[in-house]
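A short worksheet on the structure shown next.
The values are calculated or read from the model by the stated rules, or taken from the named source; none is laboratory data. The structure presented is a predicted model; accordingly, all values stated were derived computationally and were not measured. Note: ideal-geometry Cβ built from the backbone for every residue, glycine included; neighbour counts use all protein chains shown.
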């Protein structure tokens, strides 16, 4: 009985953490001026199963946006990310969505619903999100062209303030 109670408490705590991190406010964008980590990963594209590695994005500023189909704030920011991608794609920058531990059909449905054209990878196991220390969704990682993580933001970029903050972070990695 005690073991069952602990399991229920643990499950409730994990759900609370997920929902609290999937909020409607943009985070402050943590600075990563301390320890640099080597970035490496490989994952299939959600749309065509082409395998990507981080090396495919090297040499360009890269924005990684971690999301899931069930995360409403993730979906709320997708139109803004697509609009921004269309504005920035000619400026030698990558925007890469990373769908985390989700149902592939649901994820594809969300991409279709919002007409998302930037690359989206499928992190079925959650390994990529763990490598970046992602604790909640949405999470956005800003990496400069040298491959250094400059900012990490939790929460969606919504409204005028969120969009301004996003563009400020982009300016830091260009």
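Odds and ends about this structure:
- Residues in the stretch 30-57 that are surrounded by fewer than 14 Cβ atoms within 10 Å (Cβ to Cβ), in a loop (DSSP other than H, G, I, E, B) and at pLDDT below 65: 6 in all.
- In the stretch 58-75, the residue that is surrounded by the fewest Cβ atoms within 10 Å (Cβ to Cβ) out of those that are part of a loop (DSSP other than H, G, I, E, B) and in contact with a helix residue (DSSP H, G or I) (Cβ under 8 Å, 6 or more places away or on another chain) is 70.
- Listing of helices (runs of 4 or more DSSP H) fully contained in the stretch 103-174 that carry 3 or more residues being over 20 Å from residue 39 (Cα atoms): 104-113, 159-173
Yes/no per residue for (1) farther than 21 Å from residue 60 by Cα; (2) in contact (Cβ under 8 Å) with a residue 40 or more places away in the chain; (3) touching a strand residue (DSSP E or B) at 6+ places or on another chain (Cβ under 9 Å); (4) surrounded by fewer than 22 Cβ atoms within 10 Å (Cβ to Cβ):
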residue	(1), (2), (3), (4)
77	yes, yes, yes, no
92	no, no, no, yes
104	yes, yes, yes, yes
109	yes, yes, no, yes
119	no, yes, yes, yes
140	no, yes, yes, no
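- Looking at 133, 155, 171, just one residue is closer than 23 Å to residue 101 by Cα and surrounded by fewer than 14 Cβ atoms within 10 Å (Cβ to Cβ), and that residue is 133.
- For the stretch 76-101, the candidate set comprises residues that are at pLDDT 95 or above and assigned to a loop (DSSP other than H, G, I, E, B); within that set, the residue that is farthest from residue 150 (Cα to Cα) is 101.
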